[in-house]
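Undergrad: Structure below; questions to follow.
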Amino acid sequence: MFKASQLSEGNIIIFNKEPYKIVEMKNTMTGRGGNTISTVLRHIINGTQAKHRFKSDDKVERPFIEKRDFEYLYAAGDDLFFMDLETFDQVDMKLEEAGSAAGYLIPNTKCTLEIYEGRPIGIQVPKTVELKILSTEPVIKAATASNSSTKPAELETGIKVQVPMFIEEGEVIVINTVTGKYQGRSES
């Protein structure tokens with residue numbers, strides 16, 4: 001058990017004796033009543049949503065979530081397929097359950113799956129990934145490494161990021177998966 005004030009988006013908790021993932025939360029400061037935490041919860045098995053307001057000192061239970069290393073293989077429709085690096089078993093996960101992490105997955109990416117009762121419910125990708133730029137505006141001749149302006153670029157996974165003006169189509173860049181921002185050119 002831990003206090004509701006320690007919650008953050010993405011945490012999995014037991015609510016009404018069922019496992020839920022916090023998809024949205026907002027802290028509200030009130031006068032004498034203390035802080036409240038308004039949450040939107042998604043049931044990790046059937047996908048139903050619930051809203052609940054916790055007091056900051058409410059006790060919340062976390063379920064046991066196993067974390068194991070996997071390798072991303074491929075996507076088919078709305079399913080992502082992974083291989084367990086120890087047993088070589090394949091598992092699938094719905095694209096919706098992967099959330100924004102799916103935008104950083106290319107085949108052979110090593111990642112960590114969060115598993116609840118034998119079922120993948122979440123994914124942790126590396127802090128940085130290297131992705132190829134599919135399309136961006138042409139390079140501007142006057143652009144330099146110190147130039148602070150940026151332009152939009154679409155990456156091979158379909159996500160869009162802002163890159164410096166001197167970056168060209170076809171280049172491989174490093175993206176910080178925590179911030180979702182350009183970090184630099186790939187050295188490979």
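Undergrad: Any idea what the dipole of the stretch 2-60 comes to, in debye rounded to 20, about its Cα centre with Lys/Arg Cβ at +1 and Asp/Glu Cβ at -1?
TA: For this selection, approximately 140 debye.
Undergrad: Mind listing which GluC sites (Glu not before Pro) in the stretch 1-85 are in a DSSP loop and have 14 or fewer other Cβ atoms within 10 Å?
TA: Of the GluC sites (Glu not before Pro), the ones in loops of the stretch 1-85 whose Cβ has at most 14 other Cβ atoms within 10 Å are Glu9.
Undergrad: Using +1 at the C-beta of Lys and Arg and -1 at the C-beta of Asp and Glu, which of Tyr72, Phe15, Thr36 has the Cα lying farthest in the positive direction of the dipole of the stretch 2-153?
TA: Farthest towards the positive end: Thr36.
Undergrad: How many nm separate the modelled label positions at Arg119 and Gln183, each set 7 Å beyond the Cα in the direction of the Cβ?
TA: The modelled label-to-label distance comes out at 3.3 nm.
Undergrad: Which shape class, rounded, prolate or oblate, goes with the stretch 46-95 when its Cα gyration tensor gives a ≥ b ≥ c as root eigenvalues, a/c under 1.5 marks rounded, and past that a/b bigger than b/c marks prolate?
TA: Here the stretch 46-95 falls in the oblate category.
Undergrad: Rounded, prolate or oblate: pick one for the stretch 66-124, where a ≥ b ≥ c are the square roots of the eigenvalues of its C-alpha gyration tensor, a/c under 1.5 means rounded, and failing that, prolate if a/b is larger than b/c, else oblate.
TA: rounded
Undergrad: Would you pull out the residues with amide H under 5 Å of Asn35's amide H, same chain only if 5 or more places away, H placed 1.01 Å from N?
TA: Distant-sequence amide H within range of Asn35: Thr30, Ser56.
Undergrad: If you consider only alpha-carbon coordinates, what radius of gyration and Dmax does the stretch 2-60 have, in Å?
TA: Just the Cα atoms of the stretch 2-60 yield Rg and Dmax of 11.2, 38 Å.
Undergrad: Right, another one. 7 Å from Cα along Cα→Cβ at both Gln6 and Lys59: what's the point-to-point distance in nm?
TA: Distance between label points: 1.3 nm.
Undergrad: Hey, got the dipole for the stretch 37-173? About the Cα centre, +1 on K and R Cβ, -1 on D and E Cβ, debye to the nearest 20?
TA: 720
Undergrad: Using a Gaussian network model of the chain with C-alpha springs under 10 Å, which one of Lys94, Lys110, Lys26 is most mobile by mean-square fluctuation?
TA: Taking springs between Cα atoms under 10 Å, the residue moving most is Lys26.
Undergrad: Separate question: By the gyration tensor of its Cα atoms, with a ≥ b ≥ c the square roots of the eigenvalues, what is the shape of the chain: rounded for a/c under 1.5, prolate for a/b over b/c, or oblate?
TA: Because a/c hits 1.5 or more and a/b fails to exceed b/c, the chain counts as oblate.
Undergrad: Sticking with this structure for a sec: Straight-line reach from Lys26: which lysines have a Cα under 18 Å away, not including same-chain ones fewer than 8 places off?
TA: Lys3, Lys51, Lys55, Lys59
Undergrad: Here is a follow-up. Taking the Cα-to-Cβ direction at Asn46 and at Ile159 and moving 7 Å from each Cα, how far apart do the two end points lie in nm?
TA: Spacing of the two 7 Å Cα→Cβ label points: 3.2 nm.
Rule-based calculations on the coordinates, nothing more; no lab input. Note that this is a predicted model, so its numbers are computed, not measured. Cβ sites come from the backbone with ideal geometry, for glycine too, and all protein chains shown count toward neighbours.
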